[in-house]
Amino acid sequence: MKNPYIPRIAEIKNIRQETPDVKTFQILLPKDSSGEILEYLPGQFLEISLFGIGEAPISITSSPSRRDLEISVKRVGRLTESLHEAEIGDKIGVRGPYGNGFPINELKERDIIFIGGGIGLAPLRSLINFIFDKRENFGKIFILYGARTPQDLVFRDELQSWNEEKNTEVHVTVDREDEEWKGNVGVVPKLLEKIKPDLKNTMAIICGPPIMIRFTVKALMELGLRDEQIVFTLERMMKCGIGKCGHCNIGNKYVCIDGPVFSYAEMKDVPEFKL
Amino acid sequence: MEKTQKEIQKLAKRLLKEKKVDLVIGYEKSESGKTRPFFATKLEDTDRLVWDKSCSNNLAVYLLENKEKVAIVAKGCDSRSILELIKTNQIKRDDVFIIGVPCNGMESNGKLLENCRVCRYRNPVICDVLLGEKVEEIPEDNYEDVKEIESLPLEKRLGFWKNEFQRCIKCFACRNVCPMCYCDDCILEKKDPQWVSKPRKKEEMFLFHLVRAFHTAGSCVDCGSCERACPVGIPLRLLYRKVAKDVKELFDYEAGVDLKEKPPLTKFDLENDEKL
Amino acid sequence: MKKIPKSRIKNLVRELEKNYDIIAPVRTGERVFFKELGPDDEVYLKSNPTNSPKEFFLPYSEVLFEFKKTNDEFELKPNLESRERILFGIRPCDVHSLLLLDLISGGEFEDPYYKEKREKTTLVSFSCLEPMDGCFCTSFGTGPSLKDGADLLLTDIGDYYLAEPFTRKGEKIIKSKLFENATKRDKKIKDERIKKAEEKIQKLDLEKIPEKLASLFDDKLWDELSKRCISCAICTYLCPTCYCFDVIDEGKMFTVDGKRIRCWDTCMFPSFTRLAGGENPRATKKERLRQRIYHKFKYIPDRYEKFGCVGCGRCVRYCPAGIDIMEIISQIK
Amino acid sequence: MKFKPRIVAFLCNWCSYAGADLAGISRIQYRPNVRVIRVMCSGRIDPIFVLKSLQQGADGVLIAGCHPGECHYAEGNYFARRRFTLMKKLIEFAGIDPRRLRLEWVSASEGKKFADVINEMTEDLENMGSINLKD
């Protein structure tokens, strides 16, 4: 009988420092040393274990259409702290992939607005790169991304390269600017004023701190988007990742198995998810 | 008892009507007849306030989270807790209107509670209003129950407590029901550094219970709420009364009696500390 | 159908002890606990124990696996074996709680630890003729007797216990010669006694509770109800259907070897929903008490068409602040 | 295999730690069962340090500070004296031999006294045997 609690042993192949408190780790599953790609969808997450420290759900930031399996980790707690001290070649535990992932087929032939906040860009990046690898089946792409300060902006180089892609607009903002910052200043939802999406045929994908999701959903509804056109990933309070431990219960849903990606239509009548 | 109940209701109604307080904390009967804490905010609520032999909860614990102007029904032991909370600046004296009620000892299914049998402060030590006449105090509490355990040989005592502690399910009711446990980040739940691990481990039970016992030094008034709350019936009062007995003998200090006297472990007395 | 004289219950237990571990209610002081039967423990059947049988299927703390690092390779050793045992003296409401836990721990990611223990346990249930303070099992159809779910049901019919097996394991037990044949009349006595017991138990009408709760989320009822709560874990730790847990790693000092441990957690503690970075979606006790009620009376019914409560009354009996779940339900109506 | 007791010693930086250092410099022999933890003052030691040490396998805990009146921070040892006199009685009540917790005043010049205390405590603990809070 398969034991869902037993992780597979994986190895850290490469580490990239994105910002002072965010690192991206490339993970190799040694059993299949040919670097066989784990079967997963954009928007799914892994349960990452550091034996002796603990385990935590972390979303996959790499796209399944690309070779490397990557996760981006912000240093916020005990496990992430130790993960930031890990070196290349260290062994970690991996369980998953879990969660439902982004609704790819609903995005086909449509314009897409990506709205990311802080480390929330990580799961979106998985979907963005996935779409750029199959660019023709999708419409116009808008990427609105904000962070607290300029050094907190993650994947800066990719933000540039995405901006050069055809039929794509990237707008970046910060809450608090510093001297060299020349771009926008202000909260992410404000960036919506800068873009003119074809509203009837657009899907919005949001990921960031709960407070940002709330304001962004409100702003999108003011623009006229219908509930099913607004999608977000609610990676909060998760622990076991397999719907058993009760931590991520919101309404009659469990974020880890019914989500973490939900449409606003699904969450509208969940009383605890209030705008 | 019946007369006092009426007076409590009348006083509570007046306090609320004159906006002296926004909340009156007292006791009520639940639908199934159980006595429990009650929070009256509207005038008509005050008719539900009761006073009888089963009002044993120590209501002072609710003062820690109700910071606005509050009135509270307080028996002898409750008033001592309130005094200690004022002394340690957890609540401000003029934010609390203390309705003092002399108490002849509470009962549970007809039997006088243990802590009431040995209680030497049946009349409130501090109050704004006293309802009913003062009752006669019993002179001495010679800690018979504690002496009984002290007289056991060492291994017997270790065996006794090991047997009691292994039933503990770490529900934290003893800590959460105690008015004197007001730390924000309790050392028993801290993660960084972590002194007690989250899963229940037999060898950590001594540390778990002895640390709390030590922290009640000079603050436990033996209201008995912890022992009554404990679902597995651990004789917790024995531990805290042992500390109270030692604090009395070593430092001549009793919790919740004198507002001006500083808690025992926050001061020292050069002459008699020499003898320690 | 057989019956066994009350006086021979002790011998039955001794007989079963030969090839099963026995878990049964034992009286310690004035309280009764389910406990592994020690040599001088006596089975006590007069009241439903303080702790619930879930403790033997979802233990307070349980090692999921041990991890050892040998020359840069990790080796994980799951800890799954458990011994054949009998849960003797479990009451119908607790049997139903296990049926609910079966549902919750099954599904796509089936919990192997729970399943192993469930398969290795024989349930010898006793019908419940004397309701305790706080009992309302008839509102959920989870008592006072049982039609299925246990291996063997014993019901007090005077000097005897009527024995009704539901499974092969049950039949195996009543093969013992301690049992005698029972007559139709015994069955009739049993049915009458059960009927009388049912009348004694307070029945609540749970019609439309999930629907009513949907509109009551922001009602001030939750403020008033939770004011007296002291956020301890008694109601959830004693509840037979509360299954929430936390997973912790425990390493030994200076080595990487250690264990991954699953242990009870409770939605009543603020730490249950404290997120990295300090935010807490259920920071006040009002939100936490509301979550406990919603999870049992709306969220679980929405998913499993069964209430998350079996009316055993433990939370009513042991809440230090006197919060009464039956009162909450009647106020919801 | 003879029982070797383990002592955890919290030594105050200004007096007792220097005293222990002096014992080492002047080659005074003393039993090796002690593990020293330096703290800035005996008043800094939290009762949970004692309980945690005993729970983690220490057989005895020594708390050493400056003599009353000589504390670098004037009153640290006064608080320690009250705290650990009370703690001794509490652990005794719980069934742990109070001799497992010793409070000593060792000044920077009393290397000999430090060595004697360690030797004496080790012998005590050898007759007492190990403490088990586990089973």
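The values are calculated or read from the model by the stated rules, or taken from the named source; none is laboratory data. Please read all numbers here as calculations on a predicted model, not as lab measurements. All Cβ positions, even for glycine, are placed from backbone atoms using ideal geometry, and neighbour counts span all protein chains on display.
Quick check on segment C:233-249: of everything there that is within 13 Å of chain A (Cβ to nearest Cβ) and assigned to a loop (DSSP other than H, G, I, E, B), which residue is surrounded by the fewest Cβ atoms within 10 Å (Cβ to Cβ)? Working first, answer last.
Going through segment C:233-249, the residues within 13 Å of chain A (Cβ to nearest Cβ) turn out to be C:236, C:239, C:241-249.
From what's left, assigned to a loop (DSSP other than H, G, I, E, B): C:239, C:241-244.
Values: C:Cys239: 24, C:Thr241: 25, C:Cys242: 28, C:Tyr243: 23, C:Cys244: 20.
That would be C:Cys244.
I'd like to know if segment A:110-121 contains one or more residues that are in a helix (DSSP H, G or I), among the hydrophobic types (A, V, I, L, M, F, W, C) and more than 14 Å from chain C (Cβ to nearest Cβ). Can you show your working first?
Taking segment A:110-121 and keeping what is in a helix (DSSP H, G or I), we get A:118-121.
Next, only the ones that are among the hydrophobic types (A, V, I, L, M, F, W, C) stay: A:119, A:121.
Keeping just the survivors that are more than 14 Å from chain C (Cβ to nearest Cβ) gives A:121.
Yes, there is a match, as at least one residue in segment A:110-121 is in a helix (DSSP H, G or I), among the hydrophobic types (A, V, I, L, M, F, W, C) and more than 14 Å from chain C (Cβ to nearest Cβ).
Which residue out of A:Lys196, A:Lys239 is over 15 Å from the mean Cα position of the chain (by Cα) and over 23 Å from C:Asn280 (Cβ atoms)?
Details: A:Lys239 fails: over 23 Å from C:Asn280 (Cβ atoms).
Matching residue, one of A:Lys196, A:Lys239: A:Lys196.
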Query raised in the report: Do we find a residue being basic (Lys, Arg) and under 21 Å from the mean Cα position of the chain (by Cα) anywhere in segment C:284-294?
Result: yes
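Taking the condition within 19 Å of C:Arg193 (Cα to Cα), touching a helix residue (DSSP H, G or I) at 6+ places or on another chain (Cβ under 6 Å) and free of Cβ contacts under 8 Å to residues at least 40 places away in the same chain, does C:Ser125 pass? Talk me through it step by step, then tell me what you get.
Working: within 19 Å of C:Arg193 (Cα to Cα): yes; touching a helix residue (DSSP H, G or I) at 6+ places or on another chain (Cβ under 6 Å): yes; free of Cβ contacts under 8 Å to residues at least 40 places away in the same chain: yes.
So C:Ser125 fits the description; yes.
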Requested in this report: Any chance you could count how many residues in segment B:15-60 are over 15 Å from B:Ile98 (Cβ atoms) and assigned to a helix (DSSP H, G or I)?
Outcome: 8
Query raised in the report: Quick check: anything in segment C:220-232 modelled with pLDDT under 95, assigned to a loop (DSSP other than H, G, I, E, B) and more than 8 Å from chain B (Cβ to nearest Cβ)?
Result: yes
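Among residues belonging to segment B:206-237 that are farther than 15 Å from B:Arg157 by Cβ, within 13 Å of chain C (Cβ to nearest Cβ) and among the hydrophobic types (A, V, I, L, M, F, W, C), point out the one that is surrounded by the fewest Cβ atoms within 10 Å (Cβ to Cβ).
Step one: list which residues in segment B:206-237 are farther than 15 Å from B:Arg157 by Cβ, which gives B:207-208, B:211-212, B:214-233, B:236-237.
Restricting the remaining residues to those that are within 13 Å of chain C (Cβ to nearest Cβ) gives B:223-233, B:236.
Right, trim to among the hydrophobic types (A, V, I, L, M, F, W, C) and you get B:223, B:226, B:229-230, B:232, B:236.
On the way: B:Cys223: 31, B:Cys226: 25, B:Ala229: 24, B:Cys230: 24, B:Val232: 20, B:Leu236: 24.
Checked segment B:206-237; the qualifying residue surrounded by the fewest Cβ atoms within 10 Å (Cβ to Cβ) is B:Val232.
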Report summary line: The one condition B:Ser197 fails out of (1) of a type in the set (Gly, Ala, Ser); (2) away from every other protein chain (no Cβ under 11 Å); (3) under 30 Å from C:Asp249 (Cβ atoms) is (2)
Query raised in the report: Within the bounds of segment B:136-153, is there any residue that is among the acidic types (Asp, Glu), buried (at least 19 other Cβ atoms within 10 Å of the Cβ) and within 12 Å of chain D (Cβ to nearest Cβ)?
Result: no
Query - Among the candidates C:Phe217, C:Phe166, residue that is without any contact (Cβ under 8 Å) to a residue 40 or more places away in the chain and of a type in the set (Phe, Trp, Tyr) - result: C:Phe166
Report task. Filter the helices (runs of 4 or more DSSP H) completely within segment C:258-333 down to those with at least 3 residues that are aliphatic (A, V, I, L, M) and in contact (Cβ under 8 Å) with a residue 12 or more places away in the chain. Result -> C:325-332
Report task. Return a yes/no flag: does segment B:164-178 have any residue that is assigned to a loop (DSSP other than H, G, I, E, B) and more than 12 Å from chain C (Cβ to nearest Cβ). Result -> no
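Within segment C:12-32, restricting attention to residues that are of a type in the set (Lys, Arg) and within 15 Å of C:Leu178 (Cβ to Cβ), which residue is surrounded by the most Cβ atoms within 10 Å (Cβ to Cβ)? Steps first, please.
Of segment C:12-32, the ones of a type in the set (Lys, Arg) are C:14, C:18, C:27, C:31.
Then keep just the ones that are within 15 Å of C:Leu178 (Cβ to Cβ); that gives C:14, C:18.
Working: C:Arg14: 11, C:Lys18: 6.
Going through the qualifying residues, I end up with C:Arg14.
So which residues in segment D:95-135 are in a loop (DSSP other than H, G, I, E, B) and crowded, with 22+ Cβ neighbours inside 10 Å?
Residues satisfying the conditions are D:Ile96, D:Val106, D:Glu110, D:Leu133.
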Query raised in the report: B:Cys183 passes all but one of (1) loosely packed, with under 14 Cβ neighbours inside 10 Å; (2) within 24 Å of D:Glu92 (Cα to Cα); (3) more than 10 Å from every other protein chain (Cβ to nearest Cβ); which number fails?
Result: (2)
Query - Selected residue (only one of C:Lys196, C:Lys190, C:Lys203, C:Lys212 is of a type outside the set (S, T, N, Q), surrounded by fewer than 17 Cβ atoms within 10 Å (Cβ to Cβ), away from chain A (no Cβ under 14 Å) and in a helix (DSSP H, G or I)) - result: C:Lys196
Query - Top-ranked residue of segment B:124-135 - restricted to ones that are out of contact with any Asp or Glu (no Cβ under 6 Å at 6 or more places or on another chain) and over 24 Å from B:Arg237 (Cα atoms), ranked as surrounded by the fewest Cβ atoms within 10 Å (Cβ to Cβ) - result: B:Glu133
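Inside segment A:242-256, can you point out the residues that are among the aliphatic types (A, V, I, L, M) and at the interface with another protein chain (Cβ under 7 Å from one of its Cβ atoms)? Full working, then the answer.
At the first step, the residues of segment A:242-256 found to be among the aliphatic types (A, V, I, L, M) are A:242, A:250, A:255.
Matches in segment A:242-256: A:Ile242 only.
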**Report entry** B:Cys119 being touching a residue at least 40 places away in the same chain (Cβ under 8 Å), more than 14 Å from every other protein chain (Cβ to nearest Cβ), assigned to a loop (DSSP other than H, G, I, E, B) and of a type outside the set (Ser, Thr, Tyr)
**Finding:** yes
**Report entry** Close pairs (7 angstrom Cβ cut-off, 6 or more residues apart or separate chains): within 14 Å of chain D (Cβ to nearest Cβ) and in a helix (DSSP H, G or I) in segment B:255-276, aromatic (Phe, Trp, Tyr) and surrounded by 12 or more Cβ atoms within 10 Å (Cβ to Cβ) anywhere
**Finding:** B:Pro264/B:Phe251; B:Pro264/B:Tyr253; B:Leu265/D:Phe79; B:Asp273/D:Tyr78
Query raised in the report: Is one or more of the residues making up segment C:256-275 within 9 Å of another protein chain (Cβ to nearest Cβ), surrounded by fewer than 20 Cβ atoms within 10 Å (Cβ to Cβ) and in contact with a helix residue (DSSP H, G or I) (Cβ under 7 Å, 6 or more places away or on another chain)?
Result: no
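Any residue that is within 13 Å of chain C (Cβ to nearest Cβ) and either at pLDDT 95 or above or in contact with a strand residue (DSSP E or B) (Cβ under 7 Å, 6 or more places away or on another chain) (or both) - is there at least one of those in segment B:238-246?
Within segment B:238-246, the first condition is being within 13 Å of chain C (Cβ to nearest Cβ), and the residues that meet it are none.
Within segment B:238-246, none of the residues are within 13 Å of chain C (Cβ to nearest Cβ) and either at pLDDT 95 or above or in contact with a strand residue (DSSP E or B) (Cβ under 7 Å, 6 or more places away or on another chain) (or both).
Could we say that B:Leu83 is of a type outside the set (Lys, Arg), farther than 16 Å from B:Val221 by Cα, more than 14 Å from chain C (Cβ to nearest Cβ) and out of contact with any Cys (no Cβ under 6 Å at 6 or more places or on another chain) here?
On the way: of a type outside the set (Lys, Arg): yes; farther than 16 Å from B:Val221 by Cα: no; more than 14 Å from chain C (Cβ to nearest Cβ): yes; out of contact with any Cys (no Cβ under 6 Å at 6 or more places or on another chain): yes.
Spelling it out, it is not the case that B:Leu83 is of a type outside the set (Lys, Arg), farther than 16 Å from B:Val221 by Cα, more than 14 Å from chain C (Cβ to nearest Cβ) and out of contact with any Cys (no Cβ under 6 Å at 6 or more places or on another chain).
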